[in-house]
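Below is one structure, written out as structure tokens; comments come after it.
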Amino acid sequence: MAEFLLEAKNVSVTFGSGSTKVEAVKNCSLTLRSGEPIGIVGESGSGKSTLARVLAGLQAPTEGEIFFNGEPVYKGSKSYTGEARRQVQMVFQDPYGSLNPQLTGLNAVAEAVRIHDKTNKDESENRALELLRRMGIAELDAIKKPRQLSGGQRQRVSVARALSANPTVLLADEPTSAIDQSAQAQLLNLFRGLLDDGLSIVLVSHDLGVIRYLTQRVYVMKDGVFVESGITEEIFNDPLEDYTKLLLASIPGDLGVAARRKLNKN
Amino acid sequence: MSTPNKPLIQIKDVVIGIPHKRRPTLIIVDKANFDINYGEMVGIVGESGSGKTMICRTMIGTLERRGGKILSGEVIFEGQNLATASDATWKNLRGKSIGYVPQSALAGPNPVLTIEAQLTEALRNTGDTKNIKARSKELLDLVKIRRVDTVMKQYPYQLSGGMRQRVMIACALATSPKLLIADEPTTGLDVTVQSQIMDLLKEIRSTMGTAIVLISHDLALIDEVCDRVVVMHAGATVEVGSVKELEKPRHPYTIALNSSRIDIAKPGSELVTIKGNAPSVGEWNLGCRFAERCSIVQSDCKVGVHPELIGASGTHQSACIHTELLERI
């Protein structure tokens, strides 16, 4: 076993060329240990989604490499070959767009189960129901189509579908930004349960409250660069970089108060 | 500053429905009751589908565009009942005494008009067509946009989300409204931009004395910037009070909302979630609509109509008929 489950080494991603060249991610390195929850936080346009896509095997880096269990992820034009393919799964930002509107929650999850386990219809449906139940979706709701479900329920169907492959790493790109506060609490409780079961989670978010609640380590990203990284609690209590201080001071409510006081003192 | 503690707009027992040709009218808001005083900043919170946006639309008179209708109740703005107001009356109010900042900052401004053209349109509305260019610049200064001359010539797509929302606020302020309604003005924007927009709203309130209604489902945000809070659940106002009063909520729904807040939770501790989903429109149960999800529900909660707010207007009001049991939560 390699020391790190997932590792990014000096990753850069560039789009376009010449005058339209955009460096979305610049020389970022990141590590994830087995069973660990880590966070990537930053503003829109800071490159955190691009980095998540690179980690998920959806976007080849221009420079640098990604390793999963010590093996390079991108080989030639392929990524995550063989067993590694199913071990890293992604939950997308928008539950309205990431589910097929024609399929019921049950069918969407059962389809994924069939692809990964190569089982027959009945078996895959049973396992899909079990997964959905674990996500707090009863059979009655499982046979509904996405438009009949609430945003929170849809996002939980997406998580169930990602889990159908029995992954070891779950990449969640802003999973709570499109849903209500109470639905968000439900989803976060689920994630906590998954962590207890030994899953590793990479949480990408601009919501510092969610990051503080769920992750142990955090990478703060600005304009494609990691400006600060470390233990979440330490970064929240004692940020070093000006940008992190500003970010913390912008949180509404009690969380931001201490940070604002510190910022005003200087 | 205008006289404080005098209601600018009063929402009284408003019932909103969507009439349908063959099916019975769908009631989406029933028993909405609250006041907004001159120069006050009031937050409206609730889950999606609780009727926040519908109430907003009643206050700017655009309910009918979405097929909605005020079935009963009164909306009194400076002594005038707007629930029965004609289009002509609305034309003199909307965008003049009452300004509106819509939810989607990114889609808000007209994509084919320059910022200058949009502001000109808003300023013509005042009836005073002199010095429009100078006044446009003043407005952009007011909402703290730098490089005013460049921005005037730009199109919305050339601006960031925060800038676009500032332009929308500038348009709404063109006529110096007495009431500004902001429907989730920072949803989809970054926290740093959000705090800038909130500072701007606070400043507008204190310099221009504008009353501001802030609709949001972020309780932490409302706690920080508002004077009073209106909590809505399934089309009814369930609790109204000052931010200070709501620190000790008197309705089980508000208590539940507070306990699902991650900003107060200890990292890694279990978050308390609200049982089930909010009842869908058209599937409301008898009695209190929160009863099915409530942890202190009693047998008399599930009979009759949804309870009225208890307490005088302007004080801490709650629609829970069993506040004596709240200690058990």
(request) Using only Cα atoms, find the angle between the long axis of helix B:132-142 and the longest principal axis of chain B, and express it within 0 to 90 degrees, rounded to the nearest 10. (result) 50
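Can you work out the FRET efficiency for the pair B:Ile296 and A:Glu123, with r the C-beta to C-beta distance and R0 = 41 Å, to the nearest 0.05? Spell out each step's value before the answer.
On the way: r = 44 Å, r/R0 = 1.07.
FRET efficiency, B:Ile296 to A:Glu123: 0.40.
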(message) Pick from B:Lys12, B:Lys96, B:Lys130 the residue whose mean-square fluctuation is largest in a GNM of chain B, springs joining Cα atoms under 10 Å.
(response) B:Lys130
(request) Distance from a point 7 Å along Cα→Cβ of A:Glu241 to each backbone N in region A:33-55: keep the residues under 16 Å and list them by number. (result) A:39-52
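Does region A:112-192 classify as rounded, prolate or oblate by the C-alpha gyration tensor (a ≥ b ≥ c root eigenvalues; a/c under 1.5 gives rounded; else a/b over b/c gives prolate, otherwise oblate)?
Working: a/c = 2.20, a/b = 1.42, b/c = 1.55.
Since a/c reaches 1.5 but b/c is at least a/b, the shape of region A:112-192 is classed as oblate.
Could you work out, residue by residue across A:239-252, how many beta carbons of other chains sit within 10 Å of that residue's beta carbon, and then give the average as an integer? Spell out each step's value before the answer.
Values: counts 0, 0, 0, 0, 1, 0, 0, 3, 4, 1, 3, 8, 8, 15.
Partner-chain Cβ atoms within 10 Å, mean over residues of A:239-252: 3.
Please say if region A:183-266 is rounded, prolate or oblate, where rounded means a/c under 1.5 for a ≥ b ≥ c the square roots of the C-alpha gyration tensor eigenvalues, and otherwise the choice is prolate for a/b larger than b/c and oblate otherwise? Intermediate results must be reported in sequence, preceding the final value.
Working: a/c = 2.33, a/b = 1.64, b/c = 1.42.
Prolate shape, in that a/c is at least 1.5 and a/b is the bigger ratio.
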(request) Please list, in chain and number order, the residues 5+ apart from A:Ser34 or on another chain whose amide H is under 5 Å from its amide H, with Hs placed from the backbone. (result) A:Leu5
(message) If you fit an axis through the alpha-carbon atoms of helix B:191-208 and take the longest principal axis of the Cα set of chain B, what angle between them do you get, 0 to 90°, nearest 10?
(response) 80
(request) Please work out the Cα center distance from region B:1-78 to region A:229-266, rounded to the nearest Å. (result) 38
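Can you give the convex hull volume of the alpha carbon atoms of region A:6-265 per residue, in Å³?
Numbers: hull volume 35.8 nm³, N = 260.
In region A:6-265, the Cα convex hull volume per residue is 138 Å³.
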(request) Give the percent of DSSP beta bridges with both residues in region A:6-265 that are antiparallel, rounded to the nearest 5. (result) 55
(message) Bins of 20 Å, beginning at zero and ending with the bin holding the largest distance: percent of Cα pairs per bin for chain B, please.
(response) 30, 56, 14, 0
(request) Let me know the charge dipole size of region A:6-265 about its Cα centre in debye, to the nearest 20, where only the beta-carbon of Lys, Arg (+1) and Asp, Glu (-1) is charged. (result) 360
(message) Need one value for A:150-158: mean number of C-beta atoms belonging to other chains within 10 Å of its residues' C-beta atoms.
(response) 1
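Strictly over 24 Å apart at the Cα level, which of B:Lys96/B:Lys144; A:Lys78/A:Lys118; A:Lys21/A:Lys245; B:Lys6/B:Lys130; A:Lys48/B:Lys275 would you flag in this model?
Numbers: B:Lys96/B:Lys144 22 Å; A:Lys78/A:Lys118 22 Å; A:Lys21/A:Lys245 30 Å; B:Lys6/B:Lys130 34 Å; A:Lys48/B:Lys275 34 Å.
Checking Cα-Cα distances, A:Lys21/A:Lys245; B:Lys6/B:Lys130; A:Lys48/B:Lys275 exceed 24 Å.
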(request) Between A:Asp197 and B:Thr150, with labels modelled 7 Å along Cα→Cβ, what's the label distance in nm to one decimal, could you check? (result) 5.2
(message) Over chain B, with a Gaussian network built from C-alpha contacts below 10 Å, which listed residue (B:Ser50, B:Ser259, B:Ser269) shows the highest mean-square fluctuation?
(response) B:Ser269
(message) Testing the spin-label approximation: label points 7 Å from Cα along Cα→Cβ at A:Thr62 and B:Lys6. State their distance in nm.
(response) 6.3
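Quick check on the protein assembly as shown: take the gyration tensor over C-alpha atoms, sort the square-rooted eigenvalues as a ≥ b ≥ c, and tell me if it's rounded (a/c under 1.5), prolate or oblate.
Working: a/c = 1.82, a/b = 1.30, b/c = 1.40.
In terms of gyration-tensor shape, oblate.
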(request) Note down the nm distance, to one decimal, between modelled labels 7 Å out along Cα→Cβ at B:Glu203 and at A:Glu130. (result) 5.9
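Computed from the coordinates by the stated procedures, all read-outs in this text should not be read as laboratory data. What you see is a predicted model, and the numbers here were worked out from it, not measured in a lab. So basically every Cβ, Gly included, is an ideal-geometry build from the backbone, and we count neighbours across all protein chains shown.
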